[in-house]
Structure formats: structure tokens, C-alpha cells
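Enquirer: Below are the C-alpha cells for one structure; questions will follow.
Please treat every number below as a calculation from the coordinates, not as lab data. Note that the structure is a prediction, hence the values are computed from the model and not measured. Cβ atoms come from the backbone with ideal geometry, glycine included; neighbour counts cover every protein chain shown.
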Amino acid sequence: DEVPRCHLHRKHNKACKFCKTHQQSQELRSKRLEEERSAALERMKEGASSAAMRGNGPDDKAPVPNFGSFPHVLLDRIHKSDYYNVLACSYGLNELKKIIAEGEACDIEARTDKSMDLEPSRFICCVYRMLVMQLSEGQLLGVLGNRSCFIRVAGFLYVRLGMHHERYWELLSESLMDDEEFVPFPGRSSDPTTIGLFVEQLLAKDKFCDINLPRIPVAQRKVINRRILLYGQCRKRYDANLEVMERFQDTGVSVEVCSPDGEWSPGETVEAARPGRRCRTLRVRLAGGDEVDVSLGMIICRGGAGAKPSDPVDLTRSRGRSADELMERFEAQQKDTALAKGKDYCKSSGQHTLRVGGVPFVAGVKRKEPSDAQREAAEEE
């Protein structure tokens, strides 16, 4: 209840108990109003954040709030590209997927047939076109689950460039266990990688090729980094569980399930293992009664004849290293790399890449000393 003003003084008197009581009442009222105002603002922010993060259904457009942060230099080059202006800007989703699958490359730039200049590749033009179209939730999930690894990679880049950072883990974490191998940049290197490692690099780094990706806030970055650290041994457990799939042929198998944050909880399988090409999962009923699909890399089968539950080598039955242990090792490695060692202190490669008319020139690279055979061949000539 509001306390009335002092009946003795027009102005506040510090020595008057009625004035003191009234002032305290006013301060409490102001504090209560400020708390209500702050709570209302938080509710508005949460509503705006949830609206920015997801659509309402599979046919609703998936919001792309980070699309405004698309690299401006690359954006200008795409708008000046003949390929995008003449062809790609009018393509639908099916045509874009066909072009991406046929290209079999994830490069940002490519040389044209009639010129040595580098121009935006068909791959990045198609990704940009999808961002302009703004895919629906159902279309996006279809791209992320496509059979072609290059179409899936285009979907990963779509998420990383356009979606809200709080949806990164929801949409990309399942592919971290994908062991399909491919060559992402055949024009530069023939070294293969897996889809899982490719997605891990997208989440862990702020650059893709030479373009800057939208910044992930520090708090979200810490959560993602901590979760990614678990996937090294989870991939090993995934491969090990594939070799002992006979354990999961029956229902009711007692298992333990690892959460994204490294916490383990008991459960039992509710159906036999399902065949699949990649990212195989098991349906598990947790202790609380909830049923979830769990990746083979996040599940262990405890006990059994001849088993050694405490053996850390057998990841099909052991939890392996905890998230805290892996985080401590990672932080120790980061500290070691930050320390100067010998002549490596503040040492840079001195290599710089310049572009003249779209053609890259690398400056600052030391020439290799010719071998004895090369010297003799030069002298003979």
C-alpha cells in the first residue's frame, strides 16, 4: 500500500519519521516498477529472438536474420556476375540443387572458361540464391538431409551465413557424426575430408575460404567449443559400435546415453538397430520416459560377459574422457601454442596475396634453393 505524504512538512525532512517512511515507500515503488519494466523487456526480447530463430511449421519461411551480414565484397561480385544475373537469379530450388550436385566443388571462386580472372563460383551463387529465396523449414531440412554431400554442404553454409546463431547447433550438430568422405576443393587440393569434420570447421572458425562468417557471441562460442571437443572420441565410438551392431539387434538393451554437454543418463533401446548409410541412430527410452533418437557415437552398452566396464580403451562400453578433462587438455594446448618458443616468437610467414584484375599474386614467399641435380642440368644447358 502507498504511504501518504508527511502532514507536517512540504519538503523532505531527514529527521522526520513520516518523511522517511514516505521516501522508503516511494523507493520501493520505483524499484518494483523498474523490475516489471525489465521483465517486460526481457519477454519482448525472448519473443523477438524466438521469432527470429524459427518458423512456425514446415511450410513457413525459416528466418535468416544474419543475411544482412553477408560479405559485402562478395555480394558486389555476385551481383556483377554474368552467371548469376543471366541464369542463377531465376532458378528454383530443384535447379539449384542439380547445379550444386553436378559441380562437385565448394569453392567460393572459380576461373571462367574464356578468361583467367576469378569470379564467384556457381556453388556460392547458388547458396546466395537460396538465401534470397529464403527456404522454408521443410525445404531446409530436405537440403540438409540430401543424398548428395555437396548439396548438404550448401545447406550447412546456408545455415552458417543466414540463420540465427542459436539455431546452429540444432541444425548442424547431427551432421558432426557424418563419416562420408569427399573432396571439398578439388581445384586446390585433392585431400579428402569427412562431412563431420567439415561441419566442425564451420562451427569452430569465423572464416570459410576467404570470406568472413557471421560472428558467434562469446557465450555461445564457449558452449559450442565445449561440445565439439567431445566429438573426437564420439566418432571413434561410432566406428567401434558399427562393428558390434549385433548387441543392438534386440529391444530392451540397457544402455547409457551422452547428452551434447557430456552428461550421461541410463536408458534402454525400444527398437532394433535400423540400417542406414550415414549418421546411424538408435531409438532409446530414457529414465524419465522420453524416447529420443541417439547417434551410435553417443551411446554405450554397459556390462556383458567378459566386458571390462572400467577399460577406457573400449569406447563401446566406456564413457571415455569427460567433458571437463577434454576442456582442460584443450586449454593447456592453447596456452602452449600462445607461448613463445625459441625463434618462433612473433614469427610470421611474410606471405601476402594480392589480386590484380581478379588474378591472385603471392608475394613474400622464399624461393627454394635448387638441388644439385637441377644445378647440373642448368649448367649443361
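Enquirer: Testing the spin-label approximation: label points 7 Å from Cα along Cα→Cβ at VAL270 and GLU27. State their distance in nm.
Expert: 5.6 nm
Enquirer: Which order, highest average first, do 16-28, 314-326 follow once you tally other Cβ atoms within 10 Å for each residue and take the mean per peptide?
Expert: Highest-to-lowest ranking by the protection proxy: 314-326, 16-28.
Enquirer: Need one number: nm distance between label points at CYS16 and LEU286, each 7 Å from Cα along Cα→Cβ, rounded to one decimal.
Expert: That separation, rounded to one decimal, is 6.1 nm.
Enquirer: Per-residue counts of other Cβ atoms within 10 Å, averaged by peptide: what ranking do you get for 219-227, 171-179, highest first?
Expert: Result, highest mean Cβ count within 10 Å first: 171-179, 219-227.
Enquirer: Hey, another quick one. Using the alpha carbons of the stretch 90-139, what is the convex hull volume per residue in cubic angstrom, as a whole number?
Expert: Looking at the stretch 90-139, the number lands at 90 Å³ per residue.
Enquirer: Another one. Provide the per-residue ³J(HN,Hα) series for the stretch 235-248, in order, calculated from phi with Karplus coefficients 6.51, -1.76, 1.60 and θ = phi - 60°, each as a whole number of Hz, with x at glycine and proline positions.
Expert: 5, 5, 5, 4, 5, 5, 5, 4, 7, 10, 5, 5, 5, 10
Enquirer: Suppose the chain between ALA39 and GLU102 were pulled fully straight at 0.36 nm per residue; how much longer would it get relative to their current alpha carbon spacing?
Expert: 17.5 nm
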